[in-house]
Amino acid sequence: MDGLTTTQGIVALAAAGLAIVALLWAIVLAVKLRRVRAAQRAVLGGGQADLVAHAAQIQEAFVQLRDWVEETAVRLEERMATAERRIDGCVAYTSLVRYDAWGEMSGRQSSTMALLDARRTGVVVSSILHRDQARVYVKQVREGESELELSPEEQQAIETAMAGAPARA
């Protein structure tokens, strides 16, 4: 009898086939395991730490980064508030009124200029020109009002400045 047709031969062939399938499966699993280990080395940086320790390190680094970002945001908010206070003190509203102070036909040589900040505080400067003399007056303005009496042109300059849009640099 032939060895391949007997029960022992068939069992031997089945066992050999099963062994080949098991060998192929072992090779496939070995390749997959090698890929997993390579990926783990890439994630862990080649160190000996396990995934749990690595995750804990990442969490700690994230907490430190979050704290740094929050501290930086607080400092930026403080700097922004300081800058906004300083900007509010800068000249934001301006106007210029030209006129003939002496009722002459001198080409509107006299002028009044208002320079106000965001709180409508600043100065009004008047330059009164005549043929043989020139005078300059400066009056302080707080929140749109002056402690000194204003001329109609000075009042007009303040009102025009306060009604206008903020000056642009």
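The values are calculated or read from the model by the stated rules, or taken from the named source; none is laboratory data. Predicted model, so just to flag it, every value in this text is computed and none were measured. Here the Cβ is made from the backbone with ideal geometry for all residues, glycine too, and neighbour counts use every protein chain on show.
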Restrict the check to region 94-107 and report whether at least one residue is outside any loop (DSSP other than H, G, I, E, B), at negative phi and among the hydrophobic types (A, V, I, L, M, F, W, C).
-> yes
Do the conditions hold for ARG86, that is, is it touching a Lys or Arg at 6+ places or on another chain (Cβ under 8 Å) and at pLDDT below 90?
-> no
For GLY122, work out the one condition from (1) touching a Leu at 6+ places or on another chain (Cβ under 6 Å); (2) within 15 Å of ARG98 (Cβ to Cβ) it doesn't fulfil.
-> (2)
For region 111-120, which residues satisfy the criterion of being at pLDDT below 90 and either in contact with a Lys or Arg (Cβ under 9 Å, 6 or more places away or on another chain) or in a helix (DSSP H, G or I) (or both)?
-> ARG119, ARG120
Could you say which residue among VAL124, VAL74 is hydrophobic (A, V, I, L, M, F, W, C), free of Cβ contacts under 8 Å to residues at least 60 places away in the same chain and under 17 Å from GLN140 (Cβ atoms)?
-> VAL124
Pairs, please: C-beta under 7 Å, at least 6 apart or cross-chain, first residue surrounded by 10 or more Cβ atoms within 10 Å (Cβ to Cβ) and in region 29-43, second not charged (D, E, K, R)?
-> VAL43/HIS54
Count of region 121-164 residues which are part of a strand (DSSP E or B), of a type in the set (A, V, I, L, M, F, W, C) and within 19 Å of TYR93 (Cα to Cα) | 5
Selection over region 127-148 where residues are in contact with a Gly (Cβ under 9 Å, 6 or more places away or on another chain) and touching a residue at least 24 places away in the same chain (Cβ under 8 Å) yields a count of 1
What are the residues in region 118-150 that are more than 38 Å from the chain's Cα centre (by Cα) and of a type in the set (Lys, Arg), if any?
-> ARG131, ARG135, LYS139
